[in-house]
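One structure is given here, and the rest of the page talks about it.
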Amino acid sequence: MHKPFAITLDIGTSLANHTGSWRNERPVYVDLMPPCNHACPAGENIQAWLYHAEEGDYEAAWRQLVTDNPLPAVEGRVCYHPCEGACNRGQLDEAVNIHAVERFLGDEALKRGWKIEAGAPTGKHVLVVGAGPSGLSAAYHLRRLGHDVTIHDAGPMAGGMMRFGIPKYRLPRDILDGEIARIVDMGVTIELNSKVSDIPGMMKDGGFDAAFVAVGAHLAKRTDIPAREAGKILDAISVLRDMETDEEPPLLGRRVVVYGGGNTALDMARTAKRLGASEALVVYRRTREQMPAHDIELEEALDEGVILHWLTTIKQIDGTTCTVEKMKVDENGWPQPTGEFETLEADTLVLALGQAVDTSFLKTIPGVAITDDGVIDVDGNMMTGYPGLFAGGDMVPAERTVTVAIGHGKKAARNIDGWLRGEEPATRADARVAGYERLNAWYYTDADKTVQPALNLIRRQTTFDEIHGGLDETNALFEARRCLSCGNCFECDNCYGVCPDNAVIKLGPGKRFEFNYDFCKGCGLCAAECPCGAIDMVAERM
Amino acid sequence: MTQRIKFYQTGTLAVGNRLLDEENRTVQSTPERNNSLTSGHRACQGCGEALGARYVVDVAMREAGNKLIAVNATGCLEVFSTPYPESSWRVPWIHSLFGNAPAVATGVAAALRAKGRVDTRVLAQGGDGGTVDIGFGCLSGMFERNDDVLYICYDNEAYMNTGVQRSGSTPPAARTATTPAMGQTKGNVFGQGKNAALIAMAHFIPYVATASVADLHDLEAKVAKAMGMSGARYIHVHVPCPLGWGSKPCDTIRLARLAVETGLFPLFEAEHGEITEVTPIRHKVPVEEYLRPQRRFAHLFGKSADTHVLAAIQQMADRNIENFGLSG
Ligand SMILES: Cc1cc2nc3c(=O)[nH]c(=O)nc-3n(C[C@H](O)[C@H](O)[C@H](O)COP(=O)(O)OP(=O)(O)OC[C@H]3O[C@@H](n4cnc5c(N)ncnc54)[C@H](O)[C@@H]3O)c2cc1C
Ligand SMILES: Cc1ncc(C[n+]2csc(CCOP(=O)(O)OP(=O)(O)O)c2C)c(N)n1
Ligand code: SF4
Ligand code: SF4
Ligand SMILES: [Mg+2]
């Protein structure tokens, strides 16, 4: 070939020069566990459903959400949202208002009538005892996996404590009914007013291949309070239950004293206020900090005019007079009597001292063990000592919340499925939590949290209308977009842009990126500039 | 200067973002970008200059409808991209000497005009040594004649290709091969050097801007704006050099960002000698955060460090913030 003067080589492109050989560390894309997902007792993949919500694709978001949790409209209202406590955005400004977006998606699904299909039939039949959140969740997940499910519940309506405990002002019943109906529509049979007393017998007679029991904790704990004249003493669980079943609201009188420091005590006092009590007092023997009630509920109760007496015990009740003793905290943090007494006027004393599990019908099942706390022991797969019998919710050792109960239902369903198939259920590949230190937070824009509207105080004190309003389409979108997508690529194109060697290949919308290791020199700019920490630098083997 | 888009997770702060409208996305975020400086070049790991050059030339190519000729001064960019007979350039490209790139570009523009090829645009580029020092006479002439060239200076603050010698753009106190961290005043002296962007403005040319590899939306908007104009235009792009600065290759963008956020490298635009826009600092940071990760400033820290030097650099930053109005 003829070449110009002094030119001896053919011109070529630098693509022939594979600079990948310079590298001693290689970048790899990872999908880590976002802290929110990690903290969610129902195991929701929050980051993943927010990702769809960010695009305004609410149905896809909801479908992703309900792969883990069948009751988002309920949960968006009653869950104490530990996810938000863990949310990395909390270290930047304020946590993402996850529960508000969840509620929006749940309401949207009810409004639009989105349904869920049952899985391909397996021919297996599972018995579920108890139609509370745990039983409903198990039934739902078992249906998704294709198993037939029959639920037996002792009560007149499904929902368990979501209906007979949590008051309407926090959970309107049309919402609860709508979400339960969607589960029933998947082909779940619910037998109401059907108290189960012999699970092994029922399994055998009904031809059930496995069973999940979640009967909750319904027995109100009591304490001996001397009553000289017939003082009126009730228990909160019965009163709240009567709110749902009786035509007439329970008669509590003008001055109501509630004894206890949990959420039930607060709901009881707030209900009493709404029923017309001029005074609703909560008496608790320890300090405010030690109250098991959640802060949000305490604040709301105080706003509504509920009065709290911390470090106080009830000694006796005479007609309408309650004698109480002041306590003080000793060096170990325990309340000790001071010998100082006071009287409080009370038409009714309502006890809210916690609930125990009715284990009488379970004790006799071979292999089923009861812990020292009086709850049912289960293994890591939620199975009791009786093969094929699983248990969850308030009746097993764990925190007692709707979300924990739903999580147990899911976990049990997946393990029942595995047990029926004789295999272990799949687990997440990379379980490392994407902490704040992984993020390059500079890239996130400043955006304050969206606050939900709330009912005015007068209506809160006098009606059972729902306190908190929901988000609408625009502010739900805004709120979803506050998510940092911790540890999971959200396609911001930073890696693709910042590589000085064009060694990142963009695969197109929704398909993310790939590295071209022929040219990647391993500088680590992509990993450093990834806002959400979705790239790891891994040492090359020399 | 670009307008910041908020509330889209990363808004316009990241390279792209699937939530942004097409017109708010950068050229770099598109799969169709030209990759004008393609893979296989021999720049160091994490080279800011290689990155900056692709950022700039890709936009210029798009704006020129791919009819662009690039003229290069001697320096890393030229050396690492064209070891004979290989080239990383996906654009017609010419190199002559260290100090004559502006003059060569003037010639290319004149030839195109003579041939009636007015649709083909000319871009010239060089390092800070080639621009601020040795090529400065040619550059000033190009400005004075208002030749139709967009000149880009990739400022890595020293003569990197020949082993990190001080240039007129090396910051005070920086250690280079010719300003060692020894003696009474360690590193480069205070009160010398020049600000090429301000000198370019003094020629009253149509457009002068500063840009940074840390702010891609801003950089792309400036290149696009310059390409929409004719006559002599100048953009001074800040490009960290891991080798010369003694910084980690993965810190290139972070350092460029810190240079902007400390106020040490102000981002602004000027037309016909007047400043028209400044890019406000998003989160102001003390200069120490920028200086500490760079070994060329290592003598400013540690037990025997002279704290007055650090204070003097902070003063420079504060003066920039004041003078350019960078607080927003
Ligand atoms: C007043 C109150 C307020 C609360 N507020 C909240 C809140 O805001 N957020 C939150 O997360 N949690 C809250 N909780 C806790 C939460 O309601 C429970 O943790 C949750 O409902 C437990 O679910 P579960 O399915 O285990 O049991 P449950 O909800 O108690 O359901 C058990 C079901 O089993 C049925 N059953 C019982 N025995 C039998 C039997 N022998 N045969 C057949 N069926 C039987 C019952 O009728 C019931 O329907 C509250 C609880 C109370 C009491
Ligand atoms: C007239 C002349 N003097 C010296 C050199 C040697 N030389 C080649 S590149 C270079 C330094 C370039 O520095 P700069 O312009 O800042 O570009 P960088 O390499 O830093 O990107 C020098 C001094 C030369 N090629 N020609
Ligand atoms: S920012 Fe998003 S992904 Fe990260 S913890 Fe909060 S909700 Fe989860
Ligand atoms: S010496 Fe600096 S400018 Fe030159 S290739 Fe290396 S990093 Fe880039
Ligand atoms: Mg240089």
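None of the figures in this text is laboratory data; all of them are computed from the coordinates on show. Only a predicted model underlies this, so the values are computations on that prediction, with no experimental measurement involved. Cβ atoms come from the backbone with ideal geometry, glycine included; neighbour counts cover every protein chain shown.
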Cα centroid separation - the range B:255-279 against the range A:523-542, whole Å: 30 Å
Beta bridges by DSSP in the protein assembly as shown, antiparallel share as percent, to the nearest 5: 35 percent
Residues B:L198, A:L420, B:L300, sorted so that the one with the fewest Cβ neighbours within 10 Å comes first: B:L198, A:L420, B:L300
For A:R254, net neighbour charge (Lys/Arg +1, Asp/Glu -1) across residues whose Cβ lies under 10 Å away: -2
Zone of A:A454's modelled label, taken as backbone nitrogen in the range A:284-310 under 14 Å from a point 7 Å along Cα→Cβ: A:295-306
Inter-centroid distance (Cα atoms) of the range B:196-214 relative to the range A:317-335, Å: 77 Å
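How much length is gained on full extension from B:N66 to B:T162, taking 0.36 nm per residue of separation minus their Cα-Cα distance?
31.3 nm
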Chain A: relative contact order in percent, alpha carbon pairs under 8 Å with at least 6 residues between: 22 percent
Where N is the number of residues in the range B:33-324, Cα Rg divided by 2.2 N^0.38 Å: 0.96
Neighbourhood net charge (9 Å Cβ-Cβ; Lys/Arg +1, Asp/Glu -1) for B:T176: +2
Cα-centre dipole for the range A:33-141 with unit charges at Cβ (Lys and Arg positive, Asp and Glu negative), debye to 20: 460 debye
Chymotrypsin sites (Phe, Trp or Tyr not before Pro) restricted to the range A:256-350 and DSSP loop, no more than 10 other C-beta within 10 Å: none
Residue-count net charge about A:E117 - beta-carbon cut-off 13 Å; Lys, Arg +1, Asp, Glu -1: +4
Among B:G187, A:T8, B:H299 - extreme Cα towards positive end, dipole of the protein assembly as shown, charges at beta-carbon: A:T8
Peptide A:445-452 - average C-beta neighbours from other chains (10 Å radius): 3
Cα-based Rg / Dmax (Å) for the range A:393-479: 20.9, 58
Label-to-label distance, nm, for residues given as B:R117 and A:E299 (7 Å Cα→Cβ offset): 6.9 nm
Positive-end residue, the protein assembly as shown charge dipole about Cα centroid, Cβ charges, pick of B:G127, A:S134, A:M157: B:G127
Ranked by how many other beta carbons lie within 10 Å on average, peptides B:82-92, A:400-410, A:245-255 from highest: A:400-410, B:82-92, A:245-255
Viscosity 1.567 mPa s, temperature 4 °C, Stokes-Einstein D of the range B:83-227 from Kirkwood C-alpha radius, µm²/s: 77 µm²/s
If the convex hull is drawn through the Cα atoms of chain A, its volume per residue in Å³: 217 Å³
For peptides A:313-324, A:136-147, sequence by mean Cβ density within 10 Å, most packed first: A:136-147, A:313-324
Fully extended contour minus Cα-Cα distance, from B:E32 to B:A177, at 0.36 nm per residue: 48.1 nm
Percentage of interatomic Cα-Cα distances in the range A:97-241 larger than 18 Å: 64 percent
Euclidean distance of C-alpha centroids, the range A:1-79 and the range A:217-283, integer Å: 53 Å
Charge dipole (debye, nearest 20) of chain B; +1 at Cβ of Lys and Arg, -1 at Cβ of Asp and Glu: 580 debye
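For chain B, what is the percent of antiparallel DSSP beta bridges, rounded to the nearest 5?
Around 25 percent antiparallel, to the nearest 5.
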Karplus 3J(HN,Hα) series, Hz, for the range A:278-286 with 6.51 cos²θ - 1.76 cosθ + 1.60 (x for Gly, Pro): 7, 10, 10, 10, 10, 10, 9, 7, 10
Backbone HN-Hα couplings from phi across the range A:53-60 [Karplus 6.51/-1.76/1.60, Hz, Gly and Pro as x]: 5, 4, 8, x, 8, 5, 5, 4
Extension gain (nm, one decimal) between A:D465 and A:E289, 0.36 nm per residue minus Cα-Cα: 60.4 nm
Residues in the range B:29-64 that a label on A:T13 would reach, taking backbone N under 17 Å of a point 7 Å out along Cα→Cβ: B:31-42, B:54, B:58
Selection from B:M229, B:A50, B:A209 lying farthest towards where the dipole of chain B points positive, charges on Cβ: B:A50
Long-range HN-HN contacts of B:V239 with modeled amide H, under 5 Å: B:D155, B:N156
Debye, to nearest 20: dipole size of the protein assembly as shown, +1 on Lys, Arg Cβ, -1 on Asp, Glu Cβ: 2460 debye
